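See structure below.
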Amino acid sequence: MANYKLTLCYDGTRWKGWQKQGNTDNTIQGKLETLLSRLLDQPVEVNGSGRTDAGTHARGQVASFRAKTDMTTEEILSGLRQYLPADIGAVSLEEAEPRFHARLSCTGKTYVYRIWRSEAPNVFERNYLYFCPGDLDLTAMRQAAEALCGTHDYRTFCSLKKFKKSTVRTVSSIVIDDLGPELRLSFTGDGFLYNMVRILAGTLLAVGRGELAPEDMAEIIASQDRTRAGETLPACGLCLEEVYY
């Protein structure tokens, strides 16, 4: 029984997220498991590095699965590329050491959130941007971003109302790149809670608009009160950029 590490990219626009669900076949994990099970002629369970939300994209999602087969990694990868839909791409496949697990072995991730702040339409990238025309105070946003980094209990920035596990995470960096009409926010950390990146992005956007101040961030984190943070921005602007091991 071999253990495999699969790197994927996907356009999440039409998918109901990563995690398979009983009421729909329209998930990334579900599609992969169905295809791999047919391709390898055996039941295959796929584990992802994390559960991207409905509408969220990925450039470097990582998954792992086990299978007993005479097919080479090149043949499996070729089969995936042949039969996966056009909006899911198999980037690479390799045999991994036996204990490798896409989620449990993960040491960190980088997510990117893209904001389009121009009145001019961007027709061809509309599914990958959050449209938010207007001026933003980037200096204040960068000050707030610095205050939001570190090791904290990030419960304030999670959409869940009940918590079974620790909500302490380490955010090592939040980088804000000014690309003219586009603002690109890059979040790197050891892990992120449900909707955490989208809420952090919404909080920074509130700072940019003057609705919150950089000095508020420490108190907002300490409050553990979801209502104190910014809005949950739409999933379309979010992309899982890279997973680290």
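Quick one: Ala120 ticks every box in (1) of a type outside the set (D, E, K, R); (2) in the same structural domain as Ile174 (by TED's automatic domain parsing); (3) touching a strand residue (DSSP E or B) at 6+ places or on another chain (Cβ under 8 Å) bar one, so which box is it?
Of the numbered conditions (1) of a type outside the set (D, E, K, R); (2) in the same structural domain as Ile174 (by TED's automatic domain parsing); (3) touching a strand residue (DSSP E or B) at 6+ places or on another chain (Cβ under 8 Å), the odd one out for Ala120 is (3).
Output the residues belonging to segment 159-187 that are farther than 19 Å from Phe131 by Cβ, free of Cβ contacts under 8 Å to residues at least 60 places away in the same chain and touching a strand residue (DSSP E or B) at 6+ places or on another chain (Cβ under 9 Å).
Once the filter is applied, which keeps residues that are farther than 19 Å from Phe131 by Cβ, free of Cβ contacts under 8 Å to residues at least 60 places away in the same chain and touching a strand residue (DSSP E or B) at 6+ places or on another chain (Cβ under 9 Å), segment 159-187 yields Ser166, Thr167, Val168, Arg169, Thr170, Val171, Ser173, Ile174, Val175.
Out of segment 38-70, which residues are more than 15 Å from Lys5 (Cα to Cα) and hydrophobic (A, V, I, L, M, F, W, C)?
Leu39, Leu40, Ala54, Ala58
Condition test on Asp190, is it in contact (Cβ under 8 Å) with a residue 24 or more places away in the chain and under 15 Å from the mean Cα position of the chain (by Cα)?
Considered against the rule, which asks whether it is in contact (Cβ under 8 Å) with a residue 24 or more places away in the chain and under 15 Å from the mean Cα position of the chain (by Cα), Asp190 comes out as yes.
Restricting attention to segment 127-144, and to residues there that are outside any loop (DSSP other than H, G, I, E, B) and within 18 Å of the chain's Cα centre (by Cα), which single residue is farthest from Val207 (Cα to Cα)? Spell out the reasoning first.
Step one: list which residues in segment 127-144 are outside any loop (DSSP other than H, G, I, E, B), which gives 127-128, 130-131, 138-144.
From what is left, the residues that are within 18 Å of the chain's Cα centre (by Cα) are 127-128, 130.
Numbers: Asn127: 25, Tyr128: 22, Tyr130: 17 Å.
Applying the filter and picking the extreme gives Asn127.
Could you list, in sequence order, all residues of segment 193-230 that are under 18 Å from the mean Cα position of the chain (by Cα) and of a type in the set (A, V, I, L, M)? Lay out the reasoning, then the answer.
Kept after step one, since they are under 18 Å from the mean Cα position of the chain (by Cα), are these residues of segment 193-230: 193-204.
If the condition is that a residue be under 18 Å from the mean Cα position of the chain (by Cα) and of a type in the set (A, V, I, L, M), then Leu193, Met196, Val197, Ile199, Leu200, Ala201, Leu204 are the ones that fit.
Taking only segment 12-25 into account, find how many residues are surrounded by fewer than 18 Cβ atoms within 10 Å (Cβ to Cβ) and in contact (Cβ under 8 Å) with a residue 60 or more places away in the chain.
So the count comes out to 2.
I'd like to know if segment 74-85 contains one or more residues that are modelled with pLDDT of 95 or more and more than 26 Å from Gly30 (Cβ to Cβ). Outline the logic, then answer.
From segment 74-85, those modelled with pLDDT of 95 or more are 74-85; that's our starting set.
Restricting the remaining residues to those that are more than 26 Å from Gly30 (Cβ to Cβ) gives none.
There is no residue in segment 74-85 that is modelled with pLDDT of 95 or more and more than 26 Å from Gly30 (Cβ to Cβ).
Tell me which residues, restricted to segment 26-37, are farther than 18 Å from Lys5 by Cβ and touching a residue at least 40 places away in the same chain (Cβ under 8 Å).
Lys31
Residues are listed down the side, and each one gets a yes or a no for (1) closer than 27 Å to Tyr245 by Cβ; (2) among the polar types (S, T, N, Q):
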| position | (1), (2) |
| --- | --- |
| Pro133 | no, no |
| Arg142 | no, no |
| Lys161 | no, no |
| Val168 | yes, no |
| Ser186 | yes, yes |
| Ile199 | yes, no |
| Gly202 | no, no |
| Leu205 | no, no |
| Gln224 | no, yes |
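Can you give me the number of residues within segment 117-129 that are under 23 Å from Lys16 (Cα atoms) and crowded, with 16+ Cβ neighbours inside 10 Å?
Residues flagged as under 23 Å from Lys16 (Cα atoms) and crowded, with 16+ Cβ neighbours inside 10 Å within segment 117-129 amount to 2.
Restricting segment 145-156 to residues that are hydroxyl-bearing (Ser, Thr, Tyr) and outside any helix (DSSP H, G or I), which is surrounded by the most Cβ atoms within 10 Å (Cβ to Cβ)?
Tyr154
Can you tell me which residue among Thr167, Thr139 is hydroxyl-bearing (Ser, Thr, Tyr), touching a helix residue (DSSP H, G or I) at 6+ places or on another chain (Cβ under 6 Å) and not assigned by TED's automatic domain parsing to the domain that holds Gly48?
Only one candidate passes the filter, namely Thr167.
Lys165 versus (1) within 13 Å of Ala222 (Cα to Cα); (2) within 21 Å of the chain's Cα centre (by Cα); (3) not polar (S, T, N, Q); (4) not in a strand (DSSP E or B): which is the lone unmet condition?
With respect to (1) within 13 Å of Ala222 (Cα to Cα); (2) within 21 Å of the chain's Cα centre (by Cα); (3) not polar (S, T, N, Q); (4) not in a strand (DSSP E or B), Lys165 is out only on (1).
The values are calculated or read from the model by the stated rules, or taken from the named source; none is laboratory data. All of these numbers come straight from a predicted model, not from anything done at the bench. Because the Cβ atoms are built from the backbone with ideal geometry, glycine has one as well, and the counts that use them run over all protein chains shown.
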